[in-house]
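A short reminder: the numbers here are calculations on the coordinates, not readings from a lab. The shown structure was predicted, so the numbers you read here are calculated from the model rather than taken from an experiment. We place every Cβ from the backbone using ideal geometry, glycine too, and count neighbours over all the protein chains shown.
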Amino acid sequence: MRILHTADIHLRNEGDSRWNALETIIQVARDENVDLLIISGDLFDSGVDAESLRPKIRKVFSGSQFHTIILPGNHDIDSYRKGLYFGDNVTILSDYTPVEKYKGIRIIGVPFERLSSIELLGRLRSFKDFFDKRKKNILLYHGELLDLFFSHEDFGDEGKERYMPLKLSYLEQLNIDYVLAGHFHANFLVNRLEDGGYFVYPGSPISITKKETGVRKVNIFNVGKPPEEYPLDTPHYEKVIITLDPTLDEHPLETVKRRMSNIQHQAVVLLTIDGAINGEKLNLTEEGFKARLKEIMSNVNIVDENFNFRDIQHIIEDELFKAFEERLTSYTEDQRRELRDIAIRAMVQG
């Protein structure tokens, strides 16, 4: 069986970037011939969003050869009342009933509850008899893995509250092959379980906040094999820091062009340009250089820009720097150039 695992789409409106990200995931599932799509929590951003979008989302999930399993998360825990229809071949894991419709595989979900770490441990231990050693056992979970050091910002705008805090040791001797998790937005992350299985956070498939940078991914794997990250062509924030070095031969505008040419077309850029330029050599003031930067980046979607570069003219004219240059007369031309460049770098950084 081939599975696509994602989480934390946080749908709000039909037709926006998050909705389009879900449609992209559905298309990837078709292209990759998956048998099962798993969404490990927070498909919707709120219960109100789920209520308004449910009639529209049925078309997204229906008409495909694969099945879909949805686990309630902390944002949409109240969105899945019994008997609601989300589309053909869609199963909601709103309780602890095992799913055994797939040969050789048993799936159990832990829908979000406001449980302490100790309460969650008790709940998991009660599953011990659920997992059959003769099958591949998959646990769906939405919450925080305490074994790893995270900033609360890595979970989106969740504040300081703990959500279903879990330790990997809680899963020992449960015969779990995969924990397909959600709630961690920042990036794709895999941890090995003590018994040899895998704990996987796929990260959000679209940047929900500016803290989630880089190409977004989903987890696609064949049951019995390791999880694999699959990059998505979806909107995401990209943090770009370009440090200009006035001692290099490359024109600083070419440096910027080269770096920006690698930006994916869906990227929303958080740009910082620091370092220094030699305005006299370039025949450009700081203001003129900034204007040229704006021209070459006109086709890039930049939402934050920090222009922290400076002209080194004041360094070259500094009396200390001039005195330093005078002491280089006994060196060869190449040595003088190298020492001069080192001094400029040091003074720029200082």
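Angle between the Cα long axis of helix 333-349 and the longest principal axis of the chain, 0 to 90 degrees, nearest 10?
In the chain, helix 333-349 runs at an angle near 50 degrees to the longest axis.
Can you give me the angle between helix 47-61 and the longest principal axis of the chain, using Cα atoms only, in degrees from 0 to 90, rounded to the nearest 10?
80 degrees
Which of rounded, prolate or oblate describes the stretch 1-156 when judged by the alpha-carbon gyration tensor and an a/c cut-off of 1.5? Please list the in-between numbers first.
Details: a/c = 1.63, a/b = 1.19, b/c = 1.37.
It comes out oblate by the Cα gyration axes.
Within a Cβ distance under 9 Å of D311, other residues only, what is the Lys/Arg minus Asp/Glu net charge? Walk me through the intermediate numbers first.
Details: positive: R310; negative: E280, E286.
Summing Lys/Arg as +1 and Asp/Glu as -1 gives -1.
Relative to the longest principal axis of the chain, what angle (0 to 90°, nearest 10) does the C-alpha long axis of helix 17-31 take?
Approximately 70 degrees, to the nearest ten.
Chymotrypsin sites (Phe, Trp or Tyr not before Pro), restricted to the stretch 73-139: which are DSSP loop and have at most 12 other Cβ atoms within 10 Å?
Counting only loop positions with at most 12 other Cβ atoms within 10 Å, the chymotrypsin sites (Phe, Trp or Tyr not before Pro) in the stretch 73-139 are Y85.
Could you work out the relative contact order of the chain, using alpha carbon pairs under 8 angstrom and six or more residues apart, expressed as a whole percent?
Dividing the mean separation by the residue count of the chain yields 13 percent.
Assuming a ≥ b ≥ c are the square roots of the Cα gyration tensor eigenvalues, decide whether the chain counts as rounded (a/c under 1.5), prolate (otherwise, with a/b larger than b/c) or oblate.
Numbers: a/c = 2.98, a/b = 2.27, b/c = 1.31.
Note, shape of the chain comes out prolate.
Net charge near T24: determine it from the other residues with C-beta under 10 Å of the C-beta of T24, scoring Lys and Arg +1 and Asp and Glu -1.
Working: positive: R216; negative: E23, D233.
My count for the surroundings of T24 gives -1.
Please build a GNM for the chain, connecting alpha carbons under 10 Å apart, and tell me which residue among D16, D42, D245 fluctuates the most.
D16
Considering only DSSP states other than H, G, I, E and B, which GluC sites (Glu not before Pro) in the stretch 191-295 qualify as loop sites with at most 13 other Cβ atoms within 10 Å? Can you show the working numbers first?
On the way: sites: E194, E212, E228, E229, E238, E250, E254, E280, E286, E287, E295; in loops: E194, E212, E228, E250.
In loop regions of the stretch 191-295 (DSSP not H, G, I, E or B), the sparsely surrounded GluC sites (Glu not before Pro) are E194, E250.
Before rounding to the nearest 500, sum -39500 (n - 2.57) across all DSSP H runs of length at least 4 in the chain and divide by the residue total; then give [θ] at 222 nm in deg cm²/dmol. Please report the intermediate quantities before stating the final value.
Working: 9 runs with 92 residues, N = 350.
One gets -8000 deg cm²/dmol as the mean residue ellipticity at 222 nm.
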